[in-house]
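Input: a single structure, listed below in structure tokens.
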Amino acid sequence: MKIADNKATLSFSNGSHGVELPIYEGTIGPDVIDIRKLYAQTGMFTYDPGFMSTAACESAITYIDGDKGELLYRGYPIEQLAEKCDYLDTCHLLLKGELPNTTERDDFHKLVMNHTMVHEQMQFFLRGFRRDAHPMAVLTGLVGGMSAFYHDSTDIHNPEHRDIAAIRLIAKMPTLVAMAYKYGVGQPFMYPQNDLSYAGNFLRMMFGTPCEEYKVSPVLEKALDRIFILHADHEQNASTSTVRLCGSSGTNPFAAIAAGVACLWGPAHGGANEAALTMLEDIQKMGGVAKVGEFVAKVKDKNSNVKLMGFGHRVYKNYDPRAKLMQETCDEVLAELGLENDPLFALAKALEKIALEDDYFVQRKLYPNVDFYSGIVQRAIGIPVKLFTGIFALARTVGWIAQLNEMIGDADYKIGRPRQLYTGPVRRDIA
């Protein structure tokens, strides 16, 4: 961190002594006021529900400018990575700080793809779940359970262990997600095939069967790889902060990532694309395209409590930079599968057109976001809605690991210990 020339001065209207607070500058983005000594100097904490104005760490991994609609991985714009790189290239970038050269690329791809199998006993662990269990419940258990099967890489303070755990998690997560899906539908598990790409291998494990050879569609393979890239990291969000907080106690990497999976399950976070598809299905039940106008009128009515899911973004106050890329991918996938006229997808296109042209949505910058398009793409591919968040967790695993490793390597890192404003009873005695 670079300390700024100026300082912040905190004064009190009751005549208490004011304090000077250092200011640190990032390479881009807002500066931060250092309040680490605030309690020692004043006896007070800051109050910031949701940590919306608090920087809990310094990071060199991902940068978001919500006003500009900009997302950078290690300085590279997301649109360039999605166009010119694949997911494993992006993993190398997030983990190691740089895109791989040709030799590094070959070695990294081979290393990941050679560790895609999971311990055979994990399928017996999986069979302890009910068949109708939510895939995210299953995935949370499986990822946390990896520490029992791969306990030779659980020391979070050992750099070699962290590297091994990182590769294992990235490599095996697609296998675990596919196993959770196959278990739920009662089909046999498909073992990984390492001569396929990362996305191609996942498609085969999801939709292939032992009965016949599965041929990977290049269009679907590219679409899924792009979904992975666009969801690989997103700065200090709820699940990433959960992984950092969990890891700050010194717990093993598998437990920390399992905590991230559990947090991502929440509908306000990773469940957003699932919510968008559910909304489309509800409109379809109401009458489909013919009822879009009626639905939009309810959205505009503040008293209706009807929400437009998949539009706008809490972070981006402009167009979600990932949305345009997924819009292109969405059109390619629907064309490849001949689904342009499918009622649900026709409905989605009608809603998209209104949102991009209607002054009400344009003025409020409620543009379709990445969740809207990725949900449509995943449903078209054949991924069930309940598994959408599992795909998100698969893609985000590398971001969580990169953030966790960065935290462990930070000399200033301490166990997370948020403070509180106590408003309960004062001390009292039992009569």
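The values are calculated or read from the model by the stated rules, or taken from the named source; none is laboratory data. Predicted model, so just to flag it, every value in this text is computed and none were measured. As a convention, Cβ positions derive from the backbone with ideal geometry for all residues, glycine included, and neighbour counts pool all protein chains shown. Protein only, heavy atoms only, side chains kept; ligands, DNA and RNA dropped before computing areas. Shrake-Rupley method; radii C 1.70, N 1.55, O 1.52, S 1.80 Å.
Tabulated data
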{"quantity": "Subset of region 7-19 [surrounded by fewer than 10 Cβ atoms within 10 Å (Cβ to Cβ) and in a strand (DSSP E or B)]", "calculated": "Thr9"}
{"quantity": "In region 252-278, residue nearest to His313 (Cα to Cα) [restricted to those that are in a helix (DSSP H, G or I) and at pLDDT below 80]", "calculated": "Ala272"}
{"quantity": "Test set (1) over 15 Å from the mean Cα position of the chain (by Cα); (2) open to solvent by less than 10 Å² (accessible area, probe 1.4 Å) - Val398 fails condition number", "calculated": "(1)"}
{"quantity": "Residue, nearest to Leu71 (Cα to Cα), within region 311-331, restricted to residues that are of a type in the set (Asp, Glu) and surrounded by fewer than 16 Cβ atoms within 10 Å (Cβ to Cβ)", "calculated": "Glu328"}
{"quantity": "Residues within region 257-315 that are within 18 Å of Ile376 (Cβ to Cβ) and polar (S, T, N, Q), tallied", "calculated": "3"}
{"quantity": "Helices (runs of 4 or more DSSP H) wholly inside region 327-424 that include at least 3 residues being within 24 Å of Lys222 (Cα to Cα)", "calculated": "343-357, 370-381, 388-408"}
{"quantity": "Among (1) crowded, with 16+ Cβ neighbours inside 10 Å; (2) under 20 Å from Met407 (Cα atoms); (3) touching a strand residue (DSSP E or B) at 6+ places or on another chain (Cβ under 6 Å) - the single one Arg74 does not satisfy", "calculated": "(3)"}
{"quantity": "Top-ranked residue in region 118-173 [being farther than 30 Å from Lys96 by Cα and among the polar types (S, T, N, Q); ranked as most open to solvent (accessible area, probe 1.4 Å)]", "calculated": "Gln121"}
{"quantity": "Qualifying residue in region 95-115 (condition: touching a residue at least 24 places away in the same chain (Cβ under 8 Å) and more than 25 Å from Gly200 (Cα to Cα))", "calculated": "yes"}
{"quantity": "Members of region 181-224 found to be open to solvent by 10 Å² or more (accessible area, probe 1.4 Å), in contact (Cβ under 8 Å) with a residue 40 or more places away in the chain and closer than 17 Å to Leu387 by Cβ, listed by number", "calculated": "Tyr181, Tyr183, Gly184, Gly186, Phe189, Phe207, Leu220"}
{"quantity": "Conditions (1) within 30 Å of Asp155 (Cβ to Cβ); (2) crowded, with 16+ Cβ neighbours inside 10 Å; number of the one not met by Tyr367", "calculated": "(1)"}
{"quantity": "Selection from region 209-221 of residues that are over 22 Å from Ile167 (Cα atoms) and either in a loop (DSSP other than H, G, I, E, B) or of a type in the set (D, E, K, R) (or both)", "calculated": "Pro210, Cys211, Glu212, Glu213, Tyr214, Lys215, Val216, Ser217"}
{"quantity": "Total residues in region 280-298, condition under 18 Å from Pro368 (Cα atoms) and either open to solvent by less than 20 Å² (accessible area, probe 1.4 Å) or outside any helix (DSSP H, G or I) (or both)", "calculated": "5"}
{"quantity": "Subset tally (residues that are in a helix (DSSP H, G or I) and not β-branched (Val, Ile, Thr)) for region 299-326", "calculated": "7"}
{"quantity": "Residue list for region 180-227, restricted to those being in contact with a Leu (Cβ under 7 Å, 6 or more places away or on another chain) and not β-branched (Val, Ile, Thr)", "calculated": "Ala180, Tyr181, Tyr183, Tyr198, Ala199, Phe202, Leu203, Arg204, Leu220, Glu221, Leu224, Arg226"}
{"quantity": "Residue in region 414-426 that is touching a Cys at 6+ places or on another chain (Cβ under 8 Å) and either surrounded by fewer than 24 Cβ atoms within 10 Å (Cβ to Cβ) or β-branched (Val, Ile, Thr) (or both) present", "calculated": "no"}
{"quantity": "Complete set of residues in region 83-103 that are over 24 Å from the mean Cα position of the chain (by Cα) and either hydrophobic (A, V, I, L, M, F, W, C) or open to solvent by less than 80 Å² (accessible area, probe 1.4 Å) (or both)", "calculated": "none"}
{"quantity": "Selection within region 234-251 - surrounded by 23 or more Cβ atoms within 10 Å (Cβ to Cβ) and either under 9 Å from the mean Cα position of the chain (by Cα) or part of a loop (DSSP other than H, G, I, E, B) (or both)", "calculated": "Ser239, Thr240"}
